[in-house]
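In what follows, a structure is listed as structure tokens, so that the remarks can point back to it.
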Amino acid sequence: MITLTSDFGSPYPAAMKGVIRRHTDAEMIDVAHDLPRGDPRAAAFWLRFVLPEFLPAVHCAVVDPGVGTDRDALVVRAGAHVLVAPDNGLAMPPARALAGAEAAAEVEAFVVDVDEPASQTFHGRDVFAPVAARIRARLDDDPANAGPEGVAAALESMVDLSPATDPVDIAFPEPTVERDEAGDPVAVDGEVLVIDRFGNVVTNVPGELVRGSDWIRVNGELTPVAETFGAVDPGDRLVTVGSHGYVECDVNDGRGDGAFDLRPGDEVRLVGDNVSF
């Protein structure tokens, strides 16, 4: 299996699939091609959330504002999974998530020795898709290439891969938690990580910090805490915990980014308005 992720929209992913099909008849699954344009951090967040749901696969992810520059092309092994991506940080958080899902499997990164590509503006087609396809074909050629050790041996045997000494990484910010004398949280200073297509504002605040609360102040505005959108009337604001485990600032049947006036990178201060928070 090969998964494909990008910020390309259409029709560029079709060209990548055409290239891949020349090398392998492996199943291809689109994760997303409408990720925020030129935003490796957003791509890293969503891949960290989505890719652990897959069985071992080759994951080709291209959100590449540095296309055509001297940034490297990376292959990253996380257990029996392989990620192929530009060296701009987007590969490392999902690689760690995949390794954690495989009981602390090893993460190792390789730099790809890239021939002169046909285009300096479409490395998804000319660099990353061919590499992903060749790796998938190599893994499928021999049953011994299954499992983490087999994948590691297969990658080490590829002559155009060499160990990466210092791959670019992305670190997601940690929230600052204020606690009372009993150790209970009373306020959290966090940050908006991403906003999804529904306008839901995803913060870096762990959901357990607000569970059990009924109301909370978001940058000073009193807002109910609810487990479901339907717990408030259409058009009303709410704070909830998303499926990724982080606090979201949302609107039932509306857009939270507009209602809360928040964008990725903005600061968010959550202050408890009842004893439980």
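The values are calculated or read from the model by the stated rules, or taken from the named source; none is laboratory data. On a predicted model such as this, the values are computed, not experimentally measured, just so you know. Heads up, the Cβs are rebuilt from the backbone with ideal geometry, glycines too, and the neighbour counts pull from every protein chain shown. All accessible areas refer to the heavy atoms of the entire protein, side chains included, with ligands and DNA or RNA removed. Shrake-Rupley method; radii C 1.70, N 1.55, O 1.52, S 1.80 Å.
When residues in segment 193-202 are screened for being under 22 Å from Pro234 (Cα atoms) and open to solvent by less than 80 Å² (accessible area, probe 1.4 Å), 6 of them pass. Close Cβ contacts (under 6 Å, 6 or more residues apart or on different chains) running from residues in segment 142-166 that are within 24 Å of Asp115 (Cβ to Cβ) to residues that are polar (S, T, N, Q) comprise Ala154/Asn145.
Does Ala80 count as farther than 19 Å from Phe172 by Cβ, in contact (Cβ under 8 Å) with a residue 40 or more places away in the chain, small (Gly, Ala, Ser) and out of contact with any strand residue (DSSP E or B) (no Cβ under 9 Å at 6 or more places or on another chain)? Against the criterion (farther than 19 Å from Phe172 by Cβ, in contact (Cβ under 8 Å) with a residue 40 or more places away in the chain, small (Gly, Ala, Ser) and out of contact with any strand residue (DSSP E or B) (no Cβ under 9 Å at 6 or more places or on another chain)), Ala80 qualifies. Applying the set (1) farther than 22 Å from Tyr12 by Cα; (2) in contact with a Ser or Thr (Cβ under 6 Å, 6 or more places away or on another chain) to Arg48 leaves exactly one unmet item: (2). Among the criteria (1) at pLDDT 95 or above; (2) open to solvent by 40 Å² or more (accessible area, probe 1.4 Å), the one Ala104 does not fulfil is (1).
The residue of segment 16-43 that is nearest to Gly150 (Cα to Cα), among those that are open to solvent by less than 40 Å² (accessible area, probe 1.4 Å) and in contact with a Phe, Trp or Tyr (Cβ under 8 Å, 6 or more places away or on another chain), is Met16. For segment 111-141, a residue qualifies if it is among the acidic types (Asp, Glu), in a loop (DSSP other than H, G, I, E, B) and in contact (Cβ under 8 Å) with a residue 40 or more places away in the chain, and exactly one does: Asp113. Beta carbons closer than 8 Å, at least 6 apart along the sequence or on distinct chains, pair a first residue in segment 56-72 that is more than 14 Å from Gly38 (Cα to Cα) and surrounded by fewer than 24 Cβ atoms within 10 Å (Cβ to Cβ) with a second that is modelled with pLDDT of 95 or more and polar (S, T, N, Q) for Ala57/Thr3; Arg71/Asn88.
Tell me which residues, restricted to segment 255-268, are among the charged types (D, E, K, R), touching a strand residue (DSSP E or B) at 6+ places or on another chain (Cβ under 7 Å) and surrounded by fewer than 15 Cβ atoms within 10 Å (Cβ to Cβ). Residues satisfying the conditions are Arg263, Glu267.
Quick check on segment 142-192: of everything there that is of a type in the set (Val, Ile, Thr) and either open to solvent by 60 Å² or more (accessible area, probe 1.4 Å) or assigned to a helix (DSSP H, G or I) (or both), which residue is modelled with the lowest pLDDT? Only one residue tops the list, namely Val159.
Would you check which residues across segment 167-178 are more than 22 Å from Asp72 (Cα to Cα), touching a residue at least 12 places away in the same chain (Cβ under 8 Å) and among the charged types (D, E, K, R) and list them? Glu174 - this is the single residue of segment 167-178 that is more than 22 Å from Asp72 (Cα to Cα), touching a residue at least 12 places away in the same chain (Cβ under 8 Å) and among the charged types (D, E, K, R). Only one entry of Ala85, Ala95 meets the criterion of being small (Gly, Ala, Ser), farther than 22 Å from Lys17 by Cα and open to solvent by less than 40 Å² (accessible area, probe 1.4 Å), and that entry is Ala95.
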